[in-house]
Amino acid sequence: MKPVRRNGLSIMISLISLLGKLKYIIFIAVLGGFAGNCCAIAVTTLGACCAAKLMDPSFTDASLGLLVGLTIGAGVLRGLLRFAEQYNNHFIAFKLLSSLRDRIFGQLRVLAPARLEGQQKGSLIAMLTADVETLEVFYAHTISPMMIALLTDGTAALLIGLIGGWQLGLVALCAYLVIGIAVPFGASAVLKKDGMNYRRQFSLSSAYFLDSVRGVSDIVMNGRVNERGTELNRQSERMNTSTVSMRRKNAAVSALTGLTVSLAIMAAAAVGIVMAANGQASIAPVTVSLVLLFSSFGPVLSLAGLPANLTQTFAAGDRILNFMDEKPQVIENREGTELKNFEKLEIRDLSFGYEGNEVLKNVDLTINKGEIVGLIGPSGCGKSTLLKLFLRFYDPNNGKVMYNGTDLKQINTASLHRTAVMVSQDTWLFDRTIRENLLTANPNATEQQMREACRMAAVDELIEQLPLKYETEAGLLGSSMSTGERQRIGLARAFLSGAPVLLLDEVTSNVDAINEGIILGSLKEAAKDRTIILVSHRESTVGICNKVYAVKEGRVEAVR
């Protein structure tokens, strides 16, 4: 699915729509922010009124003591309201980010496993972490500040017009519009490309760095350290170039904003002086109006500074929204036929390909209960793809996969996963103990069942030699164990699951000859009450099989 390129307004509307029931908290935050800003403006304005009262006692009927008291009260209230505003804004932001992560993982659950086949994991991790965190700027520092600025400075312009005259009110309104609307929109247009480039480069760099960390052993052994390091530096330089460009433009925007504020104040002062000189207004109300104008720029200045972060926020939001809009290659069947007792797996006239590249052609195959079936052939011939079709990672382009005579599309997906379990070449272990990794397949398994599964996978002696035995931590990405050890634990996990069909993809490829013999003997023993489909590129491995098929150029032919 080709990503949709959204404009800033479209992204903003989509992100706001995610608020749901939290919108009422935004309303409270806006009211609190508006009242808080009014108090902040009132502190300086009331102070100016105190000075005006001293210069011209007829300026107001309010007493000087009352004005001083109101000034102090506005200052205290400003602090309380500011706290409430920030609390509500951040409550919304972090509550929503938590909900958003949950939705992203839910979407990933729908898209997986096909979405992860051949995809850069680093890019996905960057989206789940950095991109989601970036949206905090939008929810905590964009939505309510925009509405607060509209209410606060709209009110300020009205008050300036009422106190000092409509001419000063018009100057104030023009200044607010330029600083709060023209500058942010202009800055967004200038910074958009750099922001998009930075987020894209950040994603690519994260993916490349993760690949480098995971493959560090191969990089060192193949003498590619310098080349890999050079590329990492190049990736960093690209990010740095985007960052420097954004900061320079941000500095220019800040300078322009400051200049606009200065020009607005000078313009208002000039208009006030002319009005006072012409007798249209006295000095006291003009002075109060100028102080009110000067103290009211805070809300619109916060808007002027938004583009620096919003360009990256919109880029992150665009990536997340595109991910949420992705359609799964296979839709999980939750209401279909339950697989209870496996009897037969049939493939009829099956063809399949990735993006127009045909991998399997007109495959016909029947596998019965209790058989050990071998699939042999060179790397890339379609053996592993066939196993994934058995688990419905994908749907075939043509033909059918049937369990017990029922089309795989009509079978309840959960019952399919209880019936057939796959062990791949690259076994994934969680950063938990060996026991916890094993019990992932069957949380209710007894100690005896777990040890028996490990014996069949030829990994029991290895575990018993470890100081903590089954309580040993597997480490992040299974880093404390070799590839062969991880494979054997993965196989033990498959045995422990009790699934009647085992799909084994090169499970002995990283195992020595002695342990391979033990494993193959266990598979032969397990076939008494299970069906096993064994993929290998070595003919010696499939010696235990009842049937052997060769996969070559997309076709499957019986060998024996």
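The values are calculated or read from the model by the stated rules, or taken from the named source; none is laboratory data. Every value quoted in this text rests on a predicted model; they were computed, and no experiment measured them. Positions of Cβ are backbone-derived with ideal geometry, glycine not excepted, and every protein chain shown enters the neighbour counts. Please note that ligands, DNA and RNA were not included when accessible areas were found on the heavy atoms of the full protein model with its side chains. Shrake-Rupley method; radii C 1.70, N 1.55, O 1.52, S 1.80 Å.
Take Leu502 and decide whether it is outside any helix (DSSP H, G or I), touching a helix residue (DSSP H, G or I) at 6+ places or on another chain (Cβ under 7 Å) and buried (at least 18 other Cβ atoms within 10 Å of the Cβ).
Working: outside any helix (DSSP H, G or I): yes; touching a helix residue (DSSP H, G or I) at 6+ places or on another chain (Cβ under 7 Å): yes; buried (at least 18 other Cβ atoms within 10 Å of the Cβ): yes.
Yes, satisfied.
List the number of the failed condition for Ala207; all other conditions in (1) surrounded by fewer than 16 Cβ atoms within 10 Å (Cβ to Cβ); (2) at pLDDT below 75 hold.
The single condition Ala207 does not satisfy is (1).
Filter region 262-309 for residues that are among the hydrophobic types (A, V, I, L, M, F, W, C) and touching a Lys or Arg at 6+ places or on another chain (Cβ under 9 Å); which is surrounded by the most Cβ atoms within 10 Å (Cβ to Cβ)?
Ala284
Which residue pairs have Cβ atoms under 6 Å apart, sit 6 or more places apart or on different chains, and have a first residue in region 82-101 that is closer than 9 Å to Gly32 by Cβ and in contact (Cβ under 8 Å) with a residue 40 or more places away in the chain and a second that is among the acidic types (Asp, Glu) and open to solvent by less than 50 Å² (accessible area, probe 1.4 Å)?
none
Scan (1) touching a Gly at 6+ places or on another chain (Cβ under 9 Å); (2) outside any helix (DSSP H, G or I) for the single condition Gly279 breaks and write down its number.
(1)
Give region 333-346 a look and list any residue that's touching a residue at least 60 places away in the same chain (Cβ under 8 Å), surrounded by 12 or more Cβ atoms within 10 Å (Cβ to Cβ) and either polar (S, T, N, Q) or over 10 Å from Ser415 (Cβ atoms) (or both), or say none.
Asn333, Thr337, Phe342, Glu343, Lys344, Leu345 - these are the residues of region 333-346 that are touching a residue at least 60 places away in the same chain (Cβ under 8 Å), surrounded by 12 or more Cβ atoms within 10 Å (Cβ to Cβ) and either polar (S, T, N, Q) or over 10 Å from Ser415 (Cβ atoms) (or both).
Only residues that are surrounded by fewer than 16 Cβ atoms within 10 Å (Cβ to Cβ) and in contact (Cβ under 8 Å) with a residue 12 or more places away in the chain: list them for region 364-394, please.
Selection gives Asp364, Thr366, Asn368, Gly370, Pro378, Ser379.
If you go through region 44-55 one residue at a time, do you hit one that is of a type outside the set (A, V, I, L, M, F, W, C) and either modelled with pLDDT under 80 or in contact with a strand residue (DSSP E or B) (Cβ under 6 Å, 6 or more places away or on another chain) (or both)?
Within region 44-55, one or more residues are of a type outside the set (A, V, I, L, M, F, W, C) and either modelled with pLDDT under 80 or in contact with a strand residue (DSSP E or B) (Cβ under 6 Å, 6 or more places away or on another chain) (or both).
How many of the residues making up region 20-60 are within 18 Å of His90 (Cβ to Cβ), open to solvent by 60 Å² or more (accessible area, probe 1.4 Å) and touching a residue at least 12 places away in the same chain (Cβ under 8 Å)?
Counting residues in region 20-60 that are within 18 Å of His90 (Cβ to Cβ), open to solvent by 60 Å² or more (accessible area, probe 1.4 Å) and touching a residue at least 12 places away in the same chain (Cβ under 8 Å) gives 1.
Pick from Met221, Met266, Met246: which is more than 24 Å from Ala304 (Cβ to Cβ) and hydrophobic (A, V, I, L, M, F, W, C)?
Of the residues listed, the single one that is more than 24 Å from Ala304 (Cβ to Cβ) and hydrophobic (A, V, I, L, M, F, W, C) is Met221.
Would you be able to tell me the number of residues in region 419-440 that are open to solvent by less than 30 Å² (accessible area, probe 1.4 Å), of a type in the set (Ser, Thr, Tyr) and either without any contact (Cβ under 8 Å) to a residue 24 or more places away in the chain or farther than 26 Å from Gly380 by Cα (or both)? Lay out the reasoning, then the answer.
Within region 419-440, the first condition is being open to solvent by less than 30 Å² (accessible area, probe 1.4 Å), and the residues that meet it are 419-420, 423, 427, 429, 433-434, 437-438.
Next, from what is left, pick out any that are of a type in the set (Ser, Thr, Tyr): 419, 427, 433.
From the residues that got through so far, the ones that are either without any contact (Cβ under 8 Å) to a residue 24 or more places away in the chain or farther than 26 Å from Gly380 by Cα (or both) too are 419, 433.
Adding up the residues that qualify gives 2.
Which is over 26 Å from Phe352 (Cβ atoms), outside any strand (DSSP E or B) and hydroxyl-bearing (Ser, Thr, Tyr), of Ser509, Ser522?
Working: Ser509 fails: over 26 Å from Phe352 (Cβ atoms).
Of the residues listed, the single one that is over 26 Å from Phe352 (Cβ atoms), outside any strand (DSSP E or B) and hydroxyl-bearing (Ser, Thr, Tyr) is Ser522.
Filter region 244-278 down to the residues that are at pLDDT below 85, among the β-branched types (Val, Ile, Thr) and within 30 Å of Gly164 (Cα to Cα) and list them by number.
Thr257
Could you grab the pairs with beta carbons closer than 7 Å, sequence gap of 6+ or different chains, first residue in region 156-172 and at positive phi and in contact (Cβ under 8 Å) with a residue 60 or more places away in the chain, second one open to solvent by less than 40 Å² (accessible area, probe 1.4 Å) and outside any helix (DSSP H, G or I)?
Once the first residue is at positive phi and in contact (Cβ under 8 Å) with a residue 60 or more places away in the chain and sits in region 156-172, its partners that are open to solvent by less than 40 Å² (accessible area, probe 1.4 Å) and outside any helix (DSSP H, G or I) give Gly165/Ala281.
Would you mind telling me which numbered condition in (1) assigned to a helix (DSSP H, G or I); (2) at pLDDT 85 or above; (3) among the charged types (D, E, K, R) Arg319 fails?
(2)
Against the condition in contact with a Lys or Arg (Cβ under 6 Å, 6 or more places away or on another chain), open to solvent by 30 Å² or more (accessible area, probe 1.4 Å) and more than 30 Å from Tyr139 (Cα to Cα), how does Lys361 come out, does it pass?
The answer is yes for Lys361.
So which residues in region 511-556 are without any contact (Cβ under 8 Å) to a residue 60 or more places away in the chain and surrounded by 15 or more Cβ atoms within 10 Å (Cβ to Cβ), if there are any at all?
Selection gives Val511, Asn515, Glu516, Leu520.
Checking Ile489 against (1) open to solvent by less than 10 Å² (accessible area, probe 1.4 Å); (2) outside any helix (DSSP H, G or I), only one condition comes out false. Which one?
With (1) open to solvent by less than 10 Å² (accessible area, probe 1.4 Å); (2) outside any helix (DSSP H, G or I) applied to Ile489, the lone miss is (2).
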